[in-house]
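Just below is one structure, and these are the notes that go with it.
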Amino acid sequence: METATKTIDPAEVAKFEAMAAEWWDPNGKFKPLHMLNPCRLDYITTQIAAQFGRDLRAPRPFEGLRLLDIGCGGGLLAEPMARLGATVVGADAAPKNIPVAKLHAEQSGLTIDYRNCAAEDLAAAGERFDVVLAMEIIEHVSDTQGFTDTCAALLKSGGLMIMSTLNRNPKSYVMAIFGAERVMRWLPVGTHDWSKFVTPDELYELMRKAGLDPIDRKGMVFNPLGWSWSLSSRDLSVNYAAACVKR
C-alpha cells in the first residue's frame, strides 16, 4: 500500500513477517513479548484509566474509547484492549500478520478491525483515535520523528499516546542483543539493531516536536530470579514505556 510518508523499513517488516505464524505460541519466537505482556498491559491500562477517568474495576472500563494499536502483530495487545471495551483498530505493515490476528480474534469471540496498512495511511484517511499504542515499534522504523508526527496526527485533542522501546546504552546491548538474541535465544539473531534504540530523553524530545506533552515514563525490568517483569520508576536502563497527551 502506498503511504504518504515513508517511515516503514521493508527489511524490518520482513523480519516479523517471517515469524508471523508464531505470534500466539508462548514458547515460540515471541516468547519475550508473551512474558512482557502483563507488564505492558499494567502500564497501558493505568495510563488510560488516569487520562480518561475510568475505573478499572468496571466490567468494560474502556467502553466508548477508540484505540489504535500500530504494529499490532498478532494482536497480543489489541485483544485485551477489546475485552476491556475499547473499539480497537489494529494496523500492521506486515501482510502475513493480519490473517493470524484476525483468525485468533475470531476464535476468541472478539471484534477487532485489523488492517494491513501503515500509520500514514490512517492519517491520510482522516482517522482519529482517543488512544494510540506504538509498542516496540519505533526502533524498527526508518524515520523516528516522521513516525511520531504521524502518530500524533492520529490522536484526537486530549488523546493519549503510549510508546515503548529499548534504551540505547551498553547495558541494553548486553541484555537485549547479546543476552536475548545470542545467549538465551529468545529472539532470532538480528531482530534488533542497537543503533536504532531510543533513549528516554530522545523519545520525550520526539514527542515534544510532534506537539505532544510527555506525562510519564517507566522502566520495564526483568527479574531473572522470579522470571518475571515489573514496572520501575527509576530503572529505565533497558526496556521502558512512555505516555504523552495531545495539546
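The values are calculated or read from the model by the stated rules, or taken from the named source; none is laboratory data. Model, not experiment: these values are computed from the prediction. Counting neighbours? That spans all protein chains shown, and the Cβs are built from the backbone with ideal geometry, glycine included. For accessibility, only protein heavy atoms count, side chains too; no ligands or nucleic acids. Shrake-Rupley method; radii C 1.70, N 1.55, O 1.52, S 1.80 Å.
Results, tabulated for the structure shown:
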item	result
Long-range tail of P(r) for the stretch 106-164 (Cα pairs > 19 Å, %)	34
Formal net charge of residues neighbouring PRO214 (Cβ-Cβ distance under 14 Å; K, R +1; D, E -1)	+1
Pair LEU103, GLU63: separation of 7 Å Cα→Cβ label points (nm)	3.4
Extreme residue, positive dipole direction of the chain, given options ILE138, ASN167, ALA91 (C-beta unit charges)	ASN167
Sorted peptide list for 148-154, 94-100, 47-53, 23-29, criterion being average Cβ within 10 angstrom, highest first	148-154, 94-100, 47-53, 23-29
Size of electric dipole in the chain: Cβ of Lys, Arg +1 and of Asp, Glu -1, about Cα centre, debye, nearest 20	540
Per-selection Rg to Rh, the chain - Cα, Kirkwood hydrodynamic radius	0.93
Dipole moment magnitude, nearest 20 debye, the stretch 16-133 about Cα centre, only Lys, Arg, Asp, Glu C-beta charged	260
Label-point gap, in nm, between TRP194 and GLU17 - each point 7 angstrom along Cα→Cβ	2.9
Carbon/sulfur fraction of accessible area - the chain, other protein chains in place, 1.4 Å, %	54
Pairs of alpha carbons in the stretch 8-155 whose separation is greater than 21 Å (percent)	42
GNM flexibility winner over the chain from VAL174, VAL198, VAL141 (Cα, springs under 10 Å)	VAL174
Sequence-separation-based contact order of the chain, relative, with Cα cut under 8 Å and 6+ spacing, percent	19
Charge dipole magnitude, Cβ of K and R +1, D and E -1 - the stretch 101-247, Cα centre, debye nearest 20	340
Computed P(r) (all Cα pairs; the stretch 1-88; 10 Å bins; percent)	15, 40, 30, 15, 0
Environment charge of CYS244, counting only residues whose C-beta is closer than 11 Å and scoring Lys/Arg +1, Asp/Glu -1	+2
Cα Rg over Rh - the stretch 204-247, Kirkwood	1.13
Counted charge near GLN51, where neighbours are those whose Cβ lies closer than 11 Å (Asp, Glu -1; Lys, Arg +1)	0
Whole-number accessible area per residue in Å² for the chain, which is evaluated in the context of all protein chains at 1.4 Å	44
Full-stretch length increase - SER233, PHE52 - with 0.36 nm per residue and alpha-carbon distance subtracted	63.0 nm
Interchain or long-range residues, amide H under 5 Å from LEU155's placed H	PHE129
